[in-house]
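A short write-up of the structure that comes next.
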Amino acid sequence: MSCRICLIQCMITLLLLQAVISKKTTRPSVLVIGGSGRVGGSAVRSLLNRDAFDVSIGGRKRKSFEASIDRCPSRFKGGVEFQELDIHNEQQLDTVIPNYDVIVHTAGPFQGLAEAGVLKCALKHGKLYVDVMDDVELSRIARSSKYQNLARNTGATAIVSAGIWPGGSSLLAQEAIDEVGGSEMVESTCFDFFTAGSGNAGTTIITATFLILGEDVLVYEEGQRRYKKSASNRRVVNFGRIVGEREVVRLNLIECESSHVSSGVQNVQTYFGTAPPFWNSLFALMANVVPQEVLQNREWMEKLAIFSMPMIRFIDSFVGSTNSIKVTLTLKDGSQRAVLMTHPDLEAGVGDALAAFVAHMLDKGGRSLPSGVFYPEEMPEDYRRAVLESIRHTASEVAFCAL
């Protein structure tokens, strides 16, 4: 009798082990490159909260990974592995990337790069890929025929410029365009963004902001590329009941490129503002006084970001980290439509948005999407709507109105 009980217990144990092993091997594996940083770490947190993925963090230094755990242990409560990885080492990329189902690239800044090395490696190995690329020129390289052909040959799907903005902002604009009857009904699209303080961003995003400040601002006018002075054309925008009226200035943001390319709207422009207003004045001063070659120097801007962080964090403690996106369409008949989306914290919003892009990519095994390199707006409608609905779910305000 005791032998039978032991045999039954052994069988139950084997079945439980088999279930655990099966669950482990069937869960998609996600590598978040730059996951020790604030944006990447927020994406890791949101992916772990979904409890549907095995998540690893890729980075150059284990020390940075351990420091991020010490700084915010609750963020990694689901458990993550660390993978040493230098994104500029092609051989190392070729060794690491094949081991994962999805690659999430958050290790910016993306400004000033002549090659999208992580993307190219992911495409070569036929992977699903998402990044937070916010540089117009690099996005043109990423979507060139060389990269597109590579993706189609291997069956890879890549979404560049994902997150909350860019990403959620792009989907918001495309939905608005669809709902008024398509781009043929739209005369112009204007993107306005507001973030209180740094939005809890780290040095990478601050560095990228300084680099972008040193660029002339792309606008599309009658389908032609035009360039305006950075931090110019100051205006006041109403961002709804939570944020209220805020000053914004021109900034070279990728939504101008992606929305024009994806929707075909002939007139597109982008603006950004922050709080307190002192930061807007400082941006304008930097854009007008500091030579562009200085603002576009990655090493110098990174040092400036690090030097500025104590003051930025101090001011953040007073102004918060709210982020708001407003897209205004001017229609061919002269009427206007506006859509608004506000999140209480930019850092958390980016992480949740990235997790939404990944999660819906993996629906139906992840292979229901077309092969290629796409802006978020270029994805199939059902995918776009599912991701945007997830992003809206975490918003503190969503509004639609005629102006």
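Some points to look at:
- Across segment 381-389, computed HN-Hα scalar couplings (Karplus, 6.51 cos²θ - 1.76 cosθ + 1.60, θ = phi - 60°) run 4, 5, 5, 4, 5, 5, 5, 5, 5 Hz from first to last residue, x flagging Gly and Pro.
- Degrees separating the helix 203-213 axis from the principal Cα axis of the chain, which is the longest one: 30 degrees
- Among 270-277, 176-183, sorting by the average number of other beta carbon atoms lying within 10 angstrom of each residue, highest first, gives 270-277, 176-183.
- One decimal place: the segment S368-A67 gains 104.5 nm when fully extended, by the rule 0.36 nm per residue minus the C-alpha distance.
- Using a Förster distance of 35 Å, the FRET efficiency for F400-N99 (Cβ separation, nearest 0.05): 0.20
- A simple charge model with +1 on the Cβ of Lys and Arg, -1 on the Cβ of Asp and Glu and nothing else charged puts the dipole of the chain at about 940 debye relative to its Cα centre.
- Ratio Rg/Rh, restricted to the chain and using Cα atoms, in which Rh is the Kirkwood radius: 1.01
- Amide H contacts under 5 Å for V132, placed H, 5+ residues apart: H105, S161, A162
- Estimated distance in nm for a label pair at D178 and T26, the labels positioned 7 Å out from Cα along Cα-to-Cβ: 3.1 nm
- The modelled label-to-label distance between V236 and V294, using points 7 Å beyond Cα along the C-beta direction, is 3.3 nm.
- R0 of 22 Å, Cβ-Cβ distance Q91-A114: FRET efficiency to nearest 0.05: 0.70
- The 3J(HN,Hα) values that the Karplus relation (6.51, -1.76, 1.60; θ = phi - 60°) gives for segment 142-155 are, in residue order, 4, 9, 6, 4, 4, 6, 4, 5, 4, 5, 5, 5, 9, x Hz. Gly and Pro appear as x.
- Folded to 0 to 90 degrees: helix 2-26 orientation relative to the chain principal axis, Cα: 20 degrees
- Share antiparallel - DSSP beta bridges, the chain, percent rounded to 5: 50 percent
- Relative packing of 211-222, 83-94, which averages over residues the other C-beta atoms within 10 Å, highest first: 211-222, 83-94
- Choice from V186, V96, V387 with maximal GNM fluctuation in the chain (Cα, 10 Å cutoff): V96
- Split the accessible area of segment 252-356 by element, probe 1.4 Å, and carbon with sulfur accounts for 63%.
- Applying 1/(1 + (r/R0)^6) with r as the Cβ-Cβ distance of M309 and K332 and R0 = 45 angstrom yields a FRET efficiency of 0.45.
- The alpha carbon centroids of segment 280-307 and segment 86-141 are separated by 26 Å.
The values are calculated or read from the model by the stated rules, or taken from the named source; none is laboratory data. Since the model is a prediction, treat every value here as computed from it, not as a measurement. No Cβ is skipped: glycine too gets one built from the backbone with ideal geometry, and neighbour counts run over all protein chains shown. Just so you know, the surface numbers come from the protein's heavy atoms only, side chains and all, with ligands and any DNA or RNA stripped out. Shrake-Rupley method; radii C 1.70, N 1.55, O 1.52, S 1.80 Å.
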